[in-house]
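Notes for the one structure printed next.
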Amino acid sequence: MTIEELEQIAKNVKQENEKYDYEINVCMDLACASQGADKLKDALVKAAETGARKVLVRRTGCMGPCSHGPLVRVDPEDRLYRRVNASHAEAILKSLGSAPVPELQSNLHEHFDKQVRVVLENAGYIDPEKIDDYIARDGYKALLTVLTEMTPNGVVHRITESGLRGRGGGGYPTGLKWGTVAKAAGNLKYVVCNGDEGDPGAFMDRSVMEGDPHRVIEGMAIAAYAVGASKGFIYVRAEYPVAVSRLTTALREARRHGLLGNNICNTPFNFDVEIRLGAGAFVCGEETALIASIEGRRGTPKPRPPYPASSGLWGKPTLINNVETYANIAPIVRNGGKWFFNMGSERSKGTKVFALTGKIANTGLVEVPMGIKLREIIEEIGGGVPDGHTFKAVQTGGPSGGCIPADMLDVGVSYDALLKMGSIMGSGGMIVMDDTSCMVNVARFFIEFCMTESCGKCIPCRAGTAQMFTLLSRICDGTGTMDDLALLEDLCSTVKEASLCGLGQTAPNPVLSTLKYFRNEYIEHIVNKRCRAGVCNMQAAESDIQSEVVA
Amino acid sequence: MPVIAPPPLPSDDKRWKIVNGTMRKNGFARHALIEALHTVQSSFGYLDDDSIRFVALSLHVPLSQAYGVATFYHYFTLKPPGKHTLTVCAGTACYIKGADKLIAAAEKRLCIKQGQTTPDGQVSLMVARCVGACSRAPVALCDGEVAGEFTEKQMLEQLERWKAE
């Protein structure tokens with residue numbers, strides 16, 4: 001495959017698409033599929049066959065505002081229809097070229113206007129199983145440019161210049177990591193894509209892998225060229241069967257087009273990717289545990305150093321980045337590091353994809369420039385809290401993050417600002433809670449999660465989270481004392497300071513942040529035996545359900 | 001290095017050939033352990049002692065390591081599943097939208113705890129750690145089929161249908 005051949009494919013696809021008068025794009029991501037998008041697409045295809053106009057019906061990845069799904073977008077008119085079902089197919093076909101179908105019209109301008117789409121630029125525009133669709137939107141151009149015009153050092157320099165930081169949560173500068181692996185000694189190196197999105201309440205990586213799998217593969221191939229690797233692994237959760245099948249198809253197509261394999265683009269560069277399935281262990285999102293899992297062992301972390309950049313998979317230098325990080329690479333190479341650097345806030349560059357869920361009107365995927373205020377995300381893009389309830393907190397960073405209260409919503413989103421507020425950026429889950437959520441119960445939920453997901457290797461995490469769960473359970477069922485609260489705070493710092501890996505070190509965050517901002521709720525539970533949200537069942541204090549946990 | 005002959009297939013069951021195929025594709029390398037166990041589970045529905053032993057011997061992995069891996073990862077199950085499986089997602093978004101109430105109602109209706117199967121082998125009740133359909137929470141999987149904005153009424157009706165079979 002050469003650049004000329006790539007351009008020819010893009011040209012052919014465009015010519016092919018020009019034969020059609022209209023394009024009807026149907027979102028078939030998990031959320032829309034669960035509401036009958038499959039039947040809808042079949043009905044549209046059938047209606048399009050009998051109609052007079054030439055219409056292309058295309059399956060696409062996630063369009064964003066999932067709570068309005070199933071979604072359909074008609075191009076070139078750029079009409080977005082919401083809550084569409086199979087019975088609307090005829091009406092949509094009839095409306096082409098005239099007024100839109102009134103009952104399906106959406107008013108989501110505010111939702112889209114504040115978003116900037118880099119990672120999600122193709123979401124809703126391409127069929128994820130067709131490599132040609134991706135190529136027609138400048139896909140693989142960055143890879144071939146890199147291979148023919150840039151040195152590996154030049155690529156690392158461009159990524160460093162962009163200011164991109166790891167999107168998996170830690171925010172380590174990507175260029176710096178690439179540079180370290182590139183400089184590491186040895187001929188055999190690996191690149192790994194961390195698609196083990198274990199954070200409950202987050203699904204950005206799933207949407208990217210399912211909706212635009214080639215973008216991830218292209219990013220990995222560029223990374224491999226930059227660091228001198230010839231073998232890659234994508235580690236995906238087994239809970240995401242669609243992502244696995246889309247990636248498998250994408251890899252096969254990329255190999256068939258000569259974009260993976262030996263002598264890519266007639267250069268000496270060889271690269272191929274294998275998929276590895278996770279098996280439901282949150283700790284495998286931690287890089288050393290992930291390595292153990294790829295090697296076919298129990299996913300227990302190891303102390304660092306040595307970092308995977310010097311000794312990773314089978315002891316070889318290994319580059320591990322998150323799905324979203326790789327998804328940012330191709331646009332950075334195409335548009336230049338400066339372009340990316342100019343987006344975002346002072347120390348957090350570019351955009352971030354968030355999975356906006358919970359008690360909010362417009363749930364779904366949003367991509368916003370770094371530095372945007374939380375209030376803008378929640379009230380303008382998210383449409384605020386529905387059903388007359390009031391906003392209480394937004395949880396970011398999953399089990400490693402914290403809850404941010406209403407009076408801090410005017411802070412701009414960045415790695416440092418979130419850390420300062422006692423939360424973390426995390427992979428991008430953003431769960432909105434209203435007055436019907438009890439913050440003590442939320443803390444207990446996350447600690448229960450960390451307790452069951454603790455791998456058991458180090459004692460602070462294994463025993464600490466279990467004891468924290470017992471204390472929080474006591475507070476929730478009304479039998480807690482103020483001494484329990486003091487003990488809980490003490491345990492938080494022990495677990496945080498003494499745990500081996502990120503899971504344990506950040507496990508107390510949900511407790512610490514709720515204690516910081518919602519301490520009065522804890523005190524109400526203990527002193528007044530009252531849960532203001534009505535979630536905790538205080539009668540349990542007298543019953544025999546005692547949740548003692550022995551570590 | 002002496003070549004150790006691979007163990008014979010445990011039975012004539014054609015599914016063992018699928019398992020063997022996965023291991024062969026990975027060159028019977030030790031690191032294919034998790035992949036091989038995935039294939040066993042997708043073919044047989046669960047992992048039993050015979051299958052773990054067969055995979056371990058084929059890949060030259062100590063039995064302890066194979067059993068350790070099979071029990072470490074939540075996705076693997078050592079018990080045969082029921083005819084139907086209801087999996088309620090208990091991710092954060094689903095929890096905020098009341099998944100715990102769904103689980104409690106299902107436990108009460110089926111008279112079993114989460115992770116168990118009804119004595120007649122008809123229904124298994126599972127809890128997932130997030131299936132990634134958070135925007136339509138609460139979510140459940142009825143025999144693998146995703147159902148968004150799942151209500152208690154819908155769930156109980158589904159359980160009745162399965163029970164009646």
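Observations
- The residues listed here are A:Gly364, A:Gly398, A:Gly383; of these, the one that is crowded, with 18+ Cβ neighbours inside 10 Å, in contact with a Leu (Cβ under 7 Å, 6 or more places away or on another chain) and on the phi > 0 side of the Ramachandran plot is A:Gly364.
- Verdict on A:Ala254 being hydrophobic (A, V, I, L, M, F, W, C), within 12 Å of chain B (Cβ to nearest Cβ) and either surrounded by fewer than 18 Cβ atoms within 10 Å (Cβ to Cβ) or out of contact with any strand residue (DSSP E or B) (no Cβ under 7 Å at 6 or more places or on another chain) (or both): no
- Contact map, the stretch B:95-106: first residue among the basic types (Lys, Arg), second residue surrounded by 22 or more Cβ atoms within 10 Å (Cβ to Cβ), Cβ cut-off under 6 Å, separation 6 or more or different chains; pairs are B:Lys97/B:Ala137; B:Lys97/B:Pro138.
- Top-ranked residue of the stretch B:133-149 - restricted to ones that are of a type outside the set (Gly, Ala, Ser) and either closer than 11 Å to B:Val88 by Cα or touching a residue at least 24 places away in the same chain (Cβ under 8 Å) (or both), ranked as surrounded by the most Cβ atoms within 10 Å (Cβ to Cβ): B:Cys134
- Every condition in (1) within 13 Å of chain B (Cβ to nearest Cβ); (2) of a type outside the set (D, E, K, R); (3) in contact (Cβ under 8 Å) with a residue 12 or more places away in the chain; (4) under 23 Å from A:Gly296 (Cβ atoms) holds for A:Ala202 except the one numbered (4).
- Cβ separations smaller than 9 Å between residues 6+ apart or across chains give the following pairs from the stretch B:16-32 residues that are within 11 Å of another protein chain (Cβ to nearest Cβ) to residues that are exposed (fewer than 14 other Cβ atoms within 10 Å of the Cβ) and part of a helix (DSSP H, G or I): B:His31/A:Trp314; B:Ala32/B:Lys25.
- Search result, residues across the stretch A:419-444 that are without any contact (Cβ under 8 Å) to a residue 24 or more places away in the chain and either buried (at least 24 other Cβ atoms within 10 Å of the Cβ) or closer than 26 Å to A:Lys302 by Cα (or both): A:Leu419
- Exactly one residue among A:Glu295, A:Glu286 is in contact (Cβ under 8 Å) with a residue 12 or more places away in the chain, acidic (Asp, Glu) and farther than 30 Å from A:Pro405 by Cα, and that residue is A:Glu295.
- Filter result for A:Ala361 (not assigned by TED's automatic domain parsing to the domain that holds A:Ala182 and not β-branched (Val, Ile, Thr)): yes
- Residue in the stretch A:324-346 that is farther than 19 Å from A:Gly163 by Cα and in contact with a strand residue (DSSP E or B) (Cβ under 8 Å, 6 or more places away or on another chain) present: no
- For the stretch B:58-97, a residue qualifies if it is facing chain A (nearest Cβ under 9 Å) and part of a loop (DSSP other than H, G, I, E, B), and the qualifying residues are B:Val61, B:Tyr73, B:His74, B:Tyr75, B:Phe76, B:Ala90, B:Gly91, B:Lys97.
- Considering the conditions (1) over 18 Å from the mean Cα position of the chain (by Cα); (2) outside any loop (DSSP other than H, G, I, E, B); (3) surrounded by 16 or more Cβ atoms within 10 Å (Cβ to Cβ), B:Ala104 is excluded by exactly one of them, (3).
- Check on A:Asn270, surrounded by fewer than 20 Cβ atoms within 10 Å (Cβ to Cβ), away from chain B (no Cβ under 14 Å) and free of Cβ contacts under 8 Å to residues at least 24 places away in the same chain: no
- Residue selected from the stretch A:178-199 under the condition in a helix (DSSP H, G or I) and buried (at least 24 other Cβ atoms within 10 Å of the Cβ), by the criterion nearest to the other protein chains (Cβ to nearest Cβ): A:Val181
- Residue match in the stretch A:328-335 (condition: part of a loop (DSSP other than H, G, I, E, B) and assigned by TED's automatic domain parsing to the domain that holds A:Thr174): no
- Residues (touching a Pro at 6+ places or on another chain (Cβ under 9 Å) and within 14 Å of chain B (Cβ to nearest Cβ)) located in the stretch A:35-86: A:Gln35, A:Gly36, A:Ala37, A:Gly61, A:Leu71, A:Arg82, A:Arg83, A:Asn85
- Taking first residues from the stretch A:134-158 that are in contact (Cβ under 8 Å) with a residue 12 or more places away in the chain and partners that are in a loop (DSSP other than H, G, I, E, B) and of a type in the set (A, V, I, L, M, F, W, C), the Cβ contacts under 7 Å between residues at least 6 apart in sequence or on separate chains come to A:Tyr134/A:Ile126; A:Arg137/A:Ile126; A:Tyr140/A:Leu259; A:Leu143/A:Leu259; A:Leu147/A:Phe269.
- Set side by side, the residues A:Ile126, A:Ile159 differ, and just one is surrounded by 16 or more Cβ atoms within 10 Å (Cβ to Cβ) and over 20 Å from the mean Cα position of the chain (by Cα), which is A:Ile159.
- Residue within the stretch A:394-406 that is more than 22 Å from the chain's Cα centre (by Cα), away from chain B (no Cβ under 12 Å) and not acidic (Asp, Glu) present: yes
- Per the conditions (1) away from every other protein chain (no Cβ under 14 Å); (2) among the charged types (D, E, K, R); (3) in a loop (DSSP other than H, G, I, E, B), the sole criterion not satisfied by A:Arg297 is (1).
- Hits in the stretch B:110-148 (condition: facing chain A (nearest Cβ under 8 Å) and either polar (S, T, N, Q) or out of contact with any strand residue (DSSP E or B) (no Cβ under 7 Å at 6 or more places or on another chain) (or both)): B:Arg129, B:Gly132, B:Ser135, B:Arg136, B:Val146, B:Gly148
The values are calculated or read from the model by the stated rules, or taken from the named source; none is laboratory data. On a predicted model such as this, the values are computed, not experimentally measured, just so you know. Heads up, the Cβs are rebuilt from the backbone with ideal geometry, glycines too, and the neighbour counts pull from every protein chain shown.
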